[in-house]
Amino acid sequence: MDKDFSRTLTLSDAERITGPKAFNIMMKPAGSLCNLDCCYCYYLDKADIYGGHEPKMSEDMLEKAVKSYIEANDVEDVTFNWHGGEPLVMGLDFYRKAMELQKKHAGGKKVRNTLQTNGTLITREWAEFFRRNDFLIGISIDGPKDIHDRFRKDKGGFPTFDKVMNGLGWLHRTGVEFNTMTTISKAGEGRGPEVYQFLKYIGSRYMQFMPVVEHVRYPKDAAGKTMKKARPVIVDPSQEDSVLAPWSVSPTGFGKYMCGIFDIWVRNDVGRYFVNLFDATLAGWCGVMPGTCAYAETCGGNAIMEHNGDVYPCDHFVYPRYRLGNITDKPLREMMESPEMVRFGIDKRNGLPSKCIRCRHFHLCHGECPKHRFNRTENGETGLNVLCDGYTMFYAHTEPYMKKMRELLESGAAPALVMPWANMINV
């Protein structure tokens, strides 16, 4: 199969571009401002783009953002995804105003809200607000205390686990729906099953796992000597002097982590607990779109809006060269339909090496997220995902069970019926 799609639009591309417009915007009203200083955070350094400081979204900009996002979507359900940095640093009054503006500009559409938070600032008042306004909350937590606290510290260098658990307690007591976002870093290698059981214990039924692989550049002193004790800056891996960050998970470590979780899930928890990678993999085996953009064929449906109205095509590509424009001088819809956005989306497929296109698991990962594609193939082609070996391990390990669940779905049965079958075999 020819890998060069660079001058080609596929039928699915054409349908996406010309069909009814529907996309997600990740709202970052505080930009990169956060009360934590997590080692692996790829967003803290984005303040450099805005002069080294982190201004908050104004009320006027909030109204422009709400109005333009609702109007730009053709669908009847529009979801606001509040993100950061840490979105709660904006304070409750900001979100109360956002709810007013959503009602004002809804135009008959159903408006929903999700918010991703580190959980440390959640109080009873915050939780009651979330409950009244039907927010779905994402809690960032990496596992048991020793794993979580290794890389997730506050600005003073103090651990945060206990504060997160306190915030989670308020969500439980007020009945707020939540899911969890767990990074897979060096701290969690070899402990996937333990992390999974912990997340079940704290009440998470919907779990997202995100592998952490970053490149950093250490600052230098006046003599040009690298300052290893200074906080490194997370950078594009193509930048000179960049090195693999010490907290990055290894490819095999990632694969074993997810295989370990899967082995528990497929024998005990199918239909009761939901893991983003497992859902996306089953979708791939069934020939339907995955619910996670990392495993889709192309990008382009999940942009971000900064505090000042700047729009970028993806949370992981907030660099000046990817800026699409600003909602004060260009309609949001125009930016989402621009040649730059279309090109960004199909470049996910276009930039793959031939090894990926020929891979028997290509229909499952589609090269995964472009932010991880900085390795070379044996033939010297660029664009190979650094986690390729880990994904290959996971897909091979789970294949018999995924095919069994596909078979069950095709016969009209529940995928959960894979559990007794899985408990009887040893693949």
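Values computed for the structure shown
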{"item": "Calculated SAXS-style log₁₀ I(q)/I(0) at q = 0.10, 0.14 Å⁻¹ - the range 120-241, Debye, Cα scatterers", "result": "-0.42, -0.72"}
{"item": "Cα-based convex hull, the range 363-427, per residue volume (Å³, whole number)", "result": "109 Å³"}
{"item": "Computed E for R124/N379 - FRET, C-beta separation, R0 51 angstrom, nearest 0.05", "result": "0.30"}
{"item": "Percent of C-alpha pairs per 10 Å bin, the range 145-215, short to long", "result": "17, 50, 30, 3"}
{"item": "Nonlocal amide H pairs with F80, under 5 Å, H built at 1.01 Å", "result": "R112, N113, T114"}
{"item": "Stokes-Einstein diffusion coefficient of the chain, Kirkwood radius over Cα pairs, 10 °C, 1.306 mPa s, in µm²/s", "result": "70 µm²/s"}
{"item": "For the range 365-382, 3J(HN,Hα) per residue [Karplus equation, 6.51 cos²θ - 1.76 cosθ + 1.60, θ = phi - 60°, Hz, x = Gly/Pro]", "result": "10, 6, x, 6, 6, x, 5, 9, 9, 10, 9, 10, 7, 4, 8, x, 6, 8"}
{"item": "Simple spin-label estimate for E410 and N423 in nanometres, 7 Å along Cα-Cβ", "result": "2.6 nm"}
{"item": "Given 12 as the ceiling on other Cβ atoms within 10 Å, longest exposed-site-free region of the chain for GluC sites (Glu not before Pro) in DSSP loops", "result": "77-239"}
{"item": "Sites N133 and H363, calculated FRET efficiency, Cβ-Cβ separation with R0 41 Å, nearest 0.05", "result": "0.55"}
{"item": "Largest-first ellipsoid semi-axes for the range 52-92, taking √(5λ) over the Cα gyration tensor eigenvalues, angstrom", "result": "23, 12, 9"}
{"item": "Estimated distance in nm for a label pair at C286 and K145, the labels positioned 7 Å out from Cα along Cα-to-Cβ", "result": "4.1 nm"}
{"item": "Reciprocal of mean inverse Cα separation for the range 211-326 (Kirkwood radius, Å)", "result": "17.8 Å"}
{"item": "Relative contact order [Cα under 8 Å, 6+ residues apart], the chain, whole percent", "result": "16 percent"}
{"item": "Computed log₁₀ I(q)/I(0) - Debye formula, equal Cα scatterers, no solvent, the range 75-171, q 0.12, 0.14, 0.21 Å⁻¹", "result": "-0.44, -0.57, -1.06"}
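Where a number appears in this text, it was derived from the coordinates with a stated rule and is not lab data. What you see is a predicted model; the values in this text were computed from it and never measured. Don't worry about glycine lacking a Cβ; one is built from the backbone with ideal geometry, like all the others, and counts go over all protein chains shown.
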